[in-house]
Amino acid sequence: RAEAAEHAVHFATQWVLFDTSASAAGDFAKRLEQLAAFANQAAHAGTMRLHVVAFDQGAVEVFAGPPGQFGASQLDVLRRRGAFGATDLALALATVHATPVPLTGARAVLFSDCVATAGQRDPQRLRQAVAGLAALGLARLDVVLPAGAGDTALAHVLAEAPRAGGIVVSSTAV
């Protein structure tokens, strides 16, 4: 828990890419709790703006604002959305890329098992997408994997993309 909080300290803006695909269904309630805890940690760490994007084979920004205002209504939106569908990591990254919000100095946190089942699945192309975000100013991309599950190799490819400077942690560390 301390490791994840330590990495949240210096980011005025943070993006959460929250995987709502079918592979998340088994521990979806726990993942929602972890997301709420992350938003709370971000608020206490000085983050001024939090963006939360839910994604599977589609993507929607469910929250943009001060992290202290992320709460029950946004979690209800995610509960109603549910965990079904395929994981399109490229779409999640493209959603951040397409935003008019400046990415300079921002951090992105990918809450996903990183098992790409839709869209672009080639690790090097996904790595290039992260590098493209870094070129726009994204300071780092971190990956939070479900405990004991997921494509850890792809998670590391994403977090360690050029200029992404990120880490991969287990969801138990959040």
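The values are calculated or read from the model by the stated rules, or taken from the named source; none is laboratory data. Note that the coordinates shown come from a computational prediction; the quantities given were computed from them, not determined experimentally. Note: ideal-geometry Cβ built from the backbone for every residue, glycine included; neighbour counts use all protein chains shown. Ligands, DNA and RNA are excluded from the accessible area calculation, which covers all protein heavy atoms including side chains. Shrake-Rupley method; radii C 1.70, N 1.55, O 1.52, S 1.80 Å.
Which helices count as membrane-span-like in the chain under these terms: full DSSP H, at least 20 Å along the axis by C-alpha, Kyte-Doolittle mean of -0.5 or more?
Values: long enough: 28-44 (24 Å, -0.09).
What comes out of the filter, once short or polar helices are dropped, is 28-44.
Helix-only estimate, please: 222 nm mean residue ellipticity of the chain, summing -39500 (n - 2.57) across DSSP H runs of length 4 or more and dividing by its residues, to the nearest 500. Before the final figure, lay out each step's value.
Values: 6 runs with 62 residues, N = 174.
Rounded to the nearest 500, the figure is -10500 deg cm²/dmol.
Can you pull a Stokes-Einstein diffusion coefficient for the chain at 25 °C (0.890 mPa s), Rh from Kirkwood over Cα pairs, as a whole number of µm²/s? Each step should come with its number before you reach the end.
Values: Rh = 15.5 Å.
The calculation lands on 158 µm²/s.
How do the peptides 76-89, 129-142, 107-120 rank, highest first, by the average count of neighbouring beta carbon atoms within 10 Å per residue?
Values: 76-89: 17.7, 129-142: 19.9, 107-120: 22.1.
Per-residue mean Cβ counts within 10 Å order the peptides as 107-120, 129-142, 76-89.
Can you tell me how much longer the chain between residue 152 and residue 135 gets when fully stretched, taken as 0.36 nm per residue apart minus their C-alpha distance, in nm with one decimal? Before the final figure, lay out each step's value.
Details: separation 17, 0.36 × 17 = 6.12 nm, distance 2.42 nm.
So the extension gain works out to 3.7 nm.
When the accessible area of segment 93-171 is split by element with a 1.4 Å probe, what percent falls to carbon and sulfur?
Details: 1830 of 3290 Å².
Here it works out to 56 percent.
Could you work out the Kirkwood radius for segment 76-174, taking every pair of different alpha carbons, averaging 1/r and inverting it, reported in Å? Can you show the working numbers first?
Details: mean 1/r = 0.0729 Å⁻¹.
Final number for the Kirkwood radius of segment 76-174 is 13.7 Å.
Can you give the accessible area per residue of the chain, in Å², using a 1.4 Å probe? Each step should come with its number before you reach the end.
Values: 7410 Å² over 174 residues.
Roughly 43 Å² per residue, with all protein chains present.
At a threshold of 8 angstrom on Cα-Cα distance, excluding pairs fewer than six apart, so keeping six or more, what relative contact order does segment 32-174 reach in percent? It would help to have the intermediate numbers written out before the result.
Working: 252 pairs, mean separation 28.6, N = 143.
20 percent.
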